Amino acid sequence: MTSQPLTFSAEDIPTRFDFAKSQSQILDMWQSGGYFHATPDPSRKPYSIVIPPPNVTGALHLGHALNNTLQDVLIRMKRMQGFNALWMPGTDHAGIATQAVVEKRLKENENKTRHDLGREELVKRIWDWKDEYEKRILGQLKQMGCSCDWDRTRFTLDETCGRAVRRTFFDLFNKELIYRGKRLVNWDTFLGTTVSNDEVDSKTVQGNFWHFMYPVIDPKPNEPAHVIVATTRPETMLGDTAVAVHPDPSAALDKVASELRDKLKKSNPNEKEAIQEQIDALAERRKEMLPALELLRDMANDGRKLMLPLMDREIPLVCDQWAKPELGAGCVKITPAHDPNDYEVAQRCGLPMINIMTREGKLNAEVGKYQGLTMKQGRKQVVEDLEALGLLEQVEDREIELPISDRSKTPIEPFLADQWFVAMDQLSQSAMDAVTDGRVKIQPQRYENGYLDWLGEKRDWPVSRQLWWGHRIPVWSHPCFTQQELDATIEKVKSLPEFNEDVCSIQSEPCPEKDEEKRIKLELPLATVHVCVQSDNEALENALTDAGLEQDPDVLDTWFSSALWPHSTLGWPEQTEELKHFYPTSTLITSRDIISLWVARMVLMGLNNCGEIPFDNVYIHPKIQDAFGVTMSKSKGNGIDPLKVIERFGADALRFAMADMCTETQDVRLPVNYECPCLTDKKDKQGNPIPCGNSFPQTKKTQIAPRVTCPQCKQDFATQWAESEEDVALPAGAVLSERFEVSRNFVNKLWNASRFAMLNLEGYTPAPINESDITVEDRWMLSRLATVSASVTDKLERFKYAEATSELYEFAWNHFCSFYVEMLKDRFADESLRPHAQRMMAHTLDCILRLLHPVMPFITEEIWQILAKLCPERGFESVAQQTACIIAADWPQLDQGWQNPEIENQFALYQSTLGALREIRARQNLGNKKKVKFSIKCESDVASLLEPLSSYFGSMANADLVEMGAGVKPPETNATLAKPNMEIYVDLDGLIDVGAEIKRLEKEEVSLTKSISGKERQLGNEKFVANKPELAADIRVSLAQAQEQLAAVSEALKKLRAKQ
RNA sequence: GGGCGUUUAGCUCAGUUGGCUAGAGCACCUCGUUUACACCGAGGGGGUCGGGGGUUCAAGUCCCUCAACGCCCA
């Protein structure tokens, strides 16, 4: 590139960075330049990140903006450091969540259920939804400047990921790590599906508490003839397989009593009475019932059995802590197949589990004459029949918590359903080992606990979901009712021409019901043949169907495909170049709520499939909360669209704010205001109406509302949630936050500092550096640059984002703009100093831009492009042509030899002197125009440090230094400033406001006195002086200085008071 | 119920291994448009570090306890 002479005048360059214009141009430039694309290059060191794929349920919010900013910062820095850097993008199909949103829409807009549409049509609708939101999500990421390799964008349900899923499932099935089993699920009888825990609401309804008597079989003398159990769901008694009593009722009652007493102590006076009543009742109960409870316990231990009425089934009396001796009769009926707590009791006590319900919510063949009744009808019948038998002891009215399906609003029935499971024992262990031996580092480290605890439970992973949206389970099954049929089926499968052991695996699942007679009565198969087929074997799949096998209607848990993300996106199971080069990936950046669900599973699946960990580092970042301390989430609808922020403040400001929020431990709150865009009657100079502009905090209501009324102008405006035509037509309100404003201001500060540089780099040709031209402030800036670049690199590599941004902010604004640029002004004005100053300016700005680029890519690129025209050759020790785009520039690696603590101290001395002068100006209300004279009393070594910078007192404080040295005497009327090692006298002849000066000095006196007494106290402490001699020595020095300062201040005060 | 975390200025947050008068930004007050920037500059006021107890010469920092809030798992 030839350097064309380019001139700027101040009018050409706006004083505000036009981010909207710049962003789109720069995005095009990066995209067309292929800067985001990574091609495996074995000669270069790889650095790779896979994006946590956002769910296609909805648009992204600021939580995602944070997550993705952090990834982009790293990937951009690594790219600049010369790594072969890949950021793999994509989205997640998010099984139930997406299907639920689409079904909800369907219900709202068309009043249809999925059954009205059918599987194929519903899935098609979900794909449409996915297309729309994927586009929107990727657009949001692009607008944020995320430098993902978009050519490689994946979707967890696409063909490549599908192949990985099939291969994994097949492999685990073949190793018998996938098996078929029963599990208690939340069954929605209306929709005929399982719903997850977070889709179950609880509703308090008026219900009954029925007390039944179960006869004891062959009671011994003194033993009761019946035990009494109570239930809110009588129909479930048909599936009872035991009655439980507490193993130690006395201890359990004591525990409850002591908890109540604690509660009483802490309670409010108005609660005390009620609690006391409970305590009394408990004591009474203990007296009356304990012997009976202990007798029951003994009966259980003695193996006593009960006769389950209506079913005439013998069931045991067992001991389990689930029984609550403080409630009812102290006995609890156990229905393992229809109650989660009972299910656990059954597992602990080894009880049989009897399913009494069909998928439609009716009673099944297990319950004889009750078969075919709905659960509700069954309840009525059971109560009637028990009453007829004289076994109904009493009925209480009671409020009960009823689980309701969030989706169908009908009651949830706990239901024992057939599910596929992944056996987790070995897999979990491998993932635990990877973290305990340090191959995978989780940061901050405290998150390791949760990861290890969760995996340590080694609970098998139920992977079936009764949904239509997801990876269909690749298993074809056939129930066989006889041994002959079983053998024949297996034989038939094996003899299919398409059959091949490498792609087809067979399991036979025996019926859990071992009682042959019962099995036949219940029409249960002897065994079910399951055939798992690898991907790309359609002929075999068809042949299996033709042979009478049916594919499992369920789909896989969405986390099954996400667990493969780091290798499936790179093409596994194919051994692609990408996989070889970029796997294991370098860093995973995610939030803590999915450490177990996702991170842990990626580790174990990575190890299982690739034999290697999926990533070296896991960084867990804070979560963004709204003003009310609630985490932003798609489902809660309290998230803020990053595009809204970008629109108003620019992508760089958004990114800087995000990175700046990313501290070590905190979840960060981000309260936001709406800004009213509605036009008012007022007009500006051109006659255009002025918008209202009222800024007011979001409330819980308005944060999720599509339209909001401005409390000031009373007009409505649209929010990001506007959907209806009327809402969208309203003016759109912006979202404001102090954090974005701070960042936007910083962006603008950088813009204007660069604007100043542009105005002064006119006609620049790199001037040779003469050692003698390098001033103290140059050395200071070079020292700062060396220090900051090393420190920022280190901080970013250790994920200390907020520390890095704070340091950059401080450096760019307070050091570069406030001091160095100010000092350069004088030198630009002097023709002889100008060339050197230009070279220093170009170099410094160049380094600052590169350091800021990962966080603020757009503005840094924009300025870089201008610099490229103005001064393409930059550098300090040597000049070199810079890269065309900053995205491809080298990361600053400055010669650390320039770090110079002496120079930094020297500069600090200047800064503190300057600060003192400015303080006097402000206190004395001198304005800017009045020039003052001042002198400094100090030793010659201090004077020689200040000397080279002394001219800047004039330009930066409008103060002339007239004299400096040990013999300096204060002028008659002066303001005295006492600093360590020096006294500054500002000559205020005729200017002084004595009262203000006295006030200032008095304050100074108080603070010095406080400081001195603190130091004296510390030094008077023998143990301290003995333990920390070095620290004590330092304090002694500063004490002496403070005492000198105090003396000077007191002296000055005395003189001033005399004048009053 | 179990675990993890948080509580510092009006607000949002920093504060390394305990150690000099606890910091920043915003907001607030005073002053100021010298041509990079009013999305700016200079200066200022404002905190018994959630409550209580302990360890220590010394505690925002370590320990115990209580409270409130957030998240994960039951």
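The values are calculated or read from the model by the stated rules, or taken from the named source; none is laboratory data. Predicted, not measured: the structure shown is a model, and the values here were computed from it. As a convention, Cβ positions derive from the backbone with ideal geometry for all residues, glycine included, and neighbour counts pool all protein chains shown.
Considering only residues in the range A:678-698 that are more than 16 Å from RNA strand B (Cβ to nearest atom) and crowded, with 17+ Cβ neighbours inside 10 Å, the one that is nearest to A:Glu803 (Cα to Cα) turns out to be A:Cys692. Being in a loop (DSSP other than H, G, I, E, B) and under 45 Å from the mean Cα position of the chain (by Cα) is the requirement here; does A:Lys324 meet it? Yes: the conditions hold for A:Lys324.
On the stretch given as the range A:131-149, residues that are in a helix (DSSP H, G or I), under 23 Å from the mean Cα position of the chain (by Cα) and not aliphatic (A, V, I, L, M) total 8. From the list A:Val708, A:Val735, A:Val742, A:Val728, the one residue that fits, being within 26 Å of A:Ile859 (Cα to Cα), hydrophobic (A, V, I, L, M, F, W, C) and either away from RNA strand B (no atom under 16 Å from the Cβ) or surrounded by 19 or more Cβ atoms within 10 Å (Cβ to Cβ) (or both), is A:Val735. Of the residues making up the range A:759-782, at least one is near RNA strand B (Cβ under 9 Å from one of its atoms) and either not β-branched (Val, Ile, Thr) or not in a loop (DSSP other than H, G, I, E, B) (or both).
Residues being part of a helix (DSSP H, G or I) and either within 12 Å of RNA strand B (Cβ to nearest atom) or within 19 Å of the chain's Cα centre (by Cα) (or both) are represented in the range A:624-642 by at least one member.
Go through A:Ala908, A:Ala943, A:Ala916, A:Ala922 for me and flag whichever is assigned to a helix (DSSP H, G or I), within 15 Å of RNA strand B (Cβ to nearest atom) and touching a residue at least 12 places away in the same chain (Cβ under 8 Å). It would help to see each step written out before you state the result.
On the way: A:Ala908 fails: touching a residue at least 12 places away in the same chain (Cβ under 8 Å); A:Ala943 fails: within 15 Å of RNA strand B (Cβ to nearest atom); A:Ala922 fails: touching a residue at least 12 places away in the same chain (Cβ under 8 Å).
Going through A:Ala908, A:Ala943, A:Ala916, A:Ala922 in turn, just one is assigned to a helix (DSSP H, G or I), within 15 Å of RNA strand B (Cβ to nearest atom) and touching a residue at least 12 places away in the same chain (Cβ under 8 Å): A:Ala916.
Scanning the range A:643-657 for residues that are closer than 18 Å to A:Phe746 by Cβ and away from RNA strand B (no atom under 12 Å from the Cβ) turns up A:Val645, A:Ile646, A:Ala651, A:Leu654, A:Arg655. Going through (1) surrounded by 20 or more Cβ atoms within 10 Å (Cβ to Cβ); (2) in contact (Cβ under 8 Å) with a residue 60 or more places away in the chain; (3) more than 12 Å from RNA strand B (Cβ to nearest atom) one by one, A:Leu808 falls short only on (2). What residue, of A:Val367, A:Val318, is among the β-branched types (Val, Ile, Thr), in a helix (DSSP H, G or I) and surrounded by 18 or more Cβ atoms within 10 Å (Cβ to Cβ)? It is A:Val367.
Against the criterion of being surrounded by 15 or more Cβ atoms within 10 Å (Cβ to Cβ), away from RNA strand B (no atom under 14 Å from the Cβ) and basic (Lys, Arg), A:Arg755 does not qualify. Name the residue, out of A:Lys78, A:Lys21, A:Lys112, A:Lys104, that is of a type in the set (Lys, Arg) and in a loop (DSSP other than H, G, I, E, B). None of the others qualify; the one that does is A:Lys112.
Report yes if some residue within the range A:979-995 is out of contact with any strand residue (DSSP E or B) (no Cβ under 8 Å at 6 or more places or on another chain) and either aliphatic (A, V, I, L, M) or assigned to a helix (DSSP H, G or I) (or both); otherwise report no. So far as the range A:979-995 goes, yes, one or more of its residues are out of contact with any strand residue (DSSP E or B) (no Cβ under 8 Å at 6 or more places or on another chain) and either aliphatic (A, V, I, L, M) or assigned to a helix (DSSP H, G or I) (or both). Screening A:Asn814 on (1) within 11 Å of RNA strand B (Cβ to nearest atom); (2) within 19 Å of A:Asn900 (Cβ to Cβ); (3) buried (at least 18 other Cβ atoms within 10 Å of the Cβ) shows it passes everything except condition (3).
For the residues A:Asp131, A:Asp116, A:Asp158, the requirement of being without any contact (Cβ under 8 Å) to a residue 12 or more places away in the chain, touching a Gly at 6+ places or on another chain (Cβ under 9 Å), surrounded by fewer than 20 Cβ atoms within 10 Å (Cβ to Cβ) and not hydrophobic (A, V, I, L, M, F, W, C) singles out A:Asp158.
Scoring A:Leu60 on the criteria (1) under 23 Å from A:Met144 (Cβ atoms); (2) modelled with pLDDT of 90 or more leaves a single failure, condition (2). Report, by residue number, each residue of the range A:692-725 that is in contact with a strand residue (DSSP E or B) (Cβ under 7 Å, 6 or more places away or on another chain) and either among the hydroxyl-bearing types (Ser, Thr, Tyr) or in contact (Cβ under 8 Å) with a residue 40 or more places away in the chain (or both). The answer is A:Ser695, A:Pro697, A:Gln698, A:Thr702, A:Thr709, A:Phe717, A:Thr719. Taking A:Ala651 as the residue in question, decide whether it is in contact with a Pro (Cβ under 6 Å, 6 or more places away or on another chain) and under 25 Å from A:Phe717 (Cα atoms). Spelling it out, it is not the case that A:Ala651 is in contact with a Pro (Cβ under 6 Å, 6 or more places away or on another chain) and under 25 Å from A:Phe717 (Cα atoms).
Selection of the range A:634-648 for residues being surrounded by fewer than 19 Cβ atoms within 10 Å (Cβ to Cβ), within 16 Å of A:Thr57 (Cα to Cα) and not polar (S, T, N, Q) yields A:Lys636, A:Gly637. On inspection, A:Ile506 qualifies as hydrophobic (A, V, I, L, M, F, W, C), surrounded by 13 or more Cβ atoms within 10 Å (Cβ to Cβ) and assigned to a strand (DSSP E or B).
Kindly evaluate A:Met856 against the criterion of being within 14 Å of RNA strand B (Cβ to nearest atom), over 34 Å from the mean Cα position of the chain (by Cα) and among the hydrophobic types (A, V, I, L, M, F, W, C). Before the answer, list the steps.
On the way: within 14 Å of RNA strand B (Cβ to nearest atom): yes; over 34 Å from the mean Cα position of the chain (by Cα): no; among the hydrophobic types (A, V, I, L, M, F, W, C): yes.
No; evaluated as a whole, the condition is false for this residue.
Applying the set (1) more than 14 Å from RNA strand B (Cβ to nearest atom); (2) over 42 Å from the mean Cα position of the chain (by Cα); (3) not in a loop (DSSP other than H, G, I, E, B) to A:Gln865 leaves exactly one unmet item: (2). Within the range A:1027-1038, the set of residues being in contact (Cβ under 8 Å) with a residue 12 or more places away in the chain and more than 8 Å from RNA strand B (Cβ to nearest atom) comprises A:Ala1032, A:Arg1036. For A:Cys692, indicate whether it is under 24 Å from A:Leu62 (Cβ atoms) and out of contact with any Pro (no Cβ under 6 Å at 6 or more places or on another chain). Judged against the criteria, A:Cys692 is not a match. In the range A:992-1026, of all residues being of a type in the set (Lys, Arg) and under 19 Å from A:Gln1041 (Cβ atoms), the one that is farthest from RNA strand B (Cβ to nearest atom) corresponds to A:Arg1017. Can you confirm whether the range A:795-805 contains a residue that is within 39 Å of the chain's Cα centre (by Cα), crowded, with 17+ Cβ neighbours inside 10 Å and more than 14 Å from RNA strand B (Cβ to nearest atom)? Within the range A:795-805, one or more residues are within 39 Å of the chain's Cα centre (by Cα), crowded, with 17+ Cβ neighbours inside 10 Å and more than 14 Å from RNA strand B (Cβ to nearest atom). Where helices (runs of 4 or more DSSP H) sit wholly within the range A:519-611, those with at least 2 residues that are within 22 Å of the chain's Cα centre (by Cα) occupy A:558-562, A:565-568, A:601-610. One residue is enough: does the range A:166-183 have a residue meeting the conditions hydroxyl-bearing (Ser, Thr, Tyr) and in contact with a Ser or Thr (Cβ under 6 Å, 6 or more places away or on another chain)? The answer is no; no qualifying residue exists.
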